[in-house]
Amino acid sequence: MMIKPIAGKTVLEVTGLDLDKPLDAGTRKALQDAFIQAGILVFPRATGGPEAQLALSRCFGELLQHPVKEAWAEGYPELVDVSYRPGRPGESTVALYEVDGTCRGGWLPWHSDLRYMHRINRGGILRAVELPREGGRTGFIDQIAAYATLPEALRQRIDGLHVVYQVRPDFTQEKFGKPEGLKLVQNTAVLESMAERIDRDFPAVVHPMVYAQAETGRKVLNVVPTSARRIHEMPNAEGDALLEEVLSYAVNPALAYWHDWRENDLVLWDNWRTVHCAEGVPPDCVRVMQRTTIAGDYALGRKLSELAA
Ligand SMILES: [Fe+2]
């Protein structure tokens, strides 16, 4: 097995690993260490299909089953289908947006998974199954690297502060990190039905703006634009301006790694210290991707109602 940095960023590429065979203890330890060091691991053109993806994911923690059976890929409860397929309104499970004047299926702004919950899962591994003729890249930004670029004065201003998050029914209703001129072309039935029950099912949560990685003590910039509503301690224009400024460091394009997928590529990301986004595909394309969900909780998130009480 070879592990080397790629793209000059904090991303490690793992090659020479035979995923058709069980992973021995030494290999597992080396992979776990690399995961803590870099946060993003790329396994180009991995063999072994979904079984190998599941086995590799289990090196980094227990796997979560998706609660909705319809979301299971190939009948595996621990493998979620995150594909884009063209469909008529009400049929498609993925919304269409106009971004920078282009209509895109499966576009997602910079986010981390389940940020709108008080417990945030450890990470996941994505596998490319069927690729579109163009587009479909996934962007990743490491937030230990992002914290390192923060000016000292800004570090001091956000020390001890928290951000309130609550999910929105679609990305045009986001307050932060929304591309100019973003339009919702076609929503999905699931997201539309969610709008009425957000306050009941997804109450606001709070996460610290900075925390230290448990294994190394390195500071993580723990701020994502999607679902962010305000700084908890500064619910005013000054707080919004501060959050806007900090977010520009979190999603700085100069720090982004864009994964240009090939079939059977696997990408593992640490959901506690990276943000990611999907550039989307032309609306007539099919893009089939499957994802595992690695369980865990960094235990620093709270429900806003618990803080207030
Ligand atoms: Fe995601």
Residue set TYR97, TYR116; condition assigned to a strand (DSSP E or B), on the phi < 0 side of the Ramachandran plot and in contact with a strand residue (DSSP E or B) (Cβ under 7 Å, 6 or more places away or on another chain); output residue TYR97
When only residues in region 77-94 that are within 16 Å of the ligand (Cβ to nearest atom) and touching a strand residue (DSSP E or B) at 6+ places or on another chain (Cβ under 8 Å) count, which is modelled with the lowest pLDDT? VAL94
Within region 167-189, take every residue that is surrounded by fewer than 16 Cβ atoms within 10 Å (Cβ to Cβ) and of a type in the set (A, V, I, L, M) and give me the one that is farthest from ASP100 (Cα to Cα). ALA189
Scanning region 55-76 for residues that are modelled with pLDDT of 95 or more and surrounded by 18 or more Cβ atoms within 10 Å (Cβ to Cβ) gives LEU56, SER57, PHE60, LEU63
Do you know which residues across region 259-273 are of a type in the set (Phe, Trp, Tyr) and under 13 Å from the mean Cα position of the chain (by Cα)? TRP269, TRP272
Yes or no: region 213-222 includes at least one residue that is more than 26 Å from ILE158 (Cα to Cα) and not in a loop (DSSP other than H, G, I, E, B). no
Collect the residues in region 182-217 that are over 30 Å from TYR84 (Cα atoms), touching a residue at least 60 places away in the same chain (Cβ under 8 Å) and in contact with a Lys or Arg (Cβ under 9 Å, 6 or more places away or on another chain), keeping them in residue-number order. VAL206, HIS207, VAL210, TYR211, GLN213
Do we have any residue at all in region 236-253 that's at pLDDT 95 or above, on the phi > 0 side of the Ramachandran plot, crowded, with 22+ Cβ neighbours inside 10 Å and out of contact with any Pro (no Cβ under 8 Å at 6 or more places or on another chain)? no
Identify the residue in region 128-143 that is within 14 Å of the chain's Cα centre (by Cα) and more than 14 Å from the ligand (Cβ to nearest atom) and, among all such residues, is surrounded by the most Cβ atoms within 10 Å (Cβ to Cβ). GLN143
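The values are calculated or read from the model by the stated rules, or taken from the named source; none is laboratory data. Since the model is a prediction, treat every value here as computed from it, not as a measurement. When we count neighbours, we look across all protein chains shown, and the Cβ atoms used for this are built from the backbone with ideal geometry, even at glycine.
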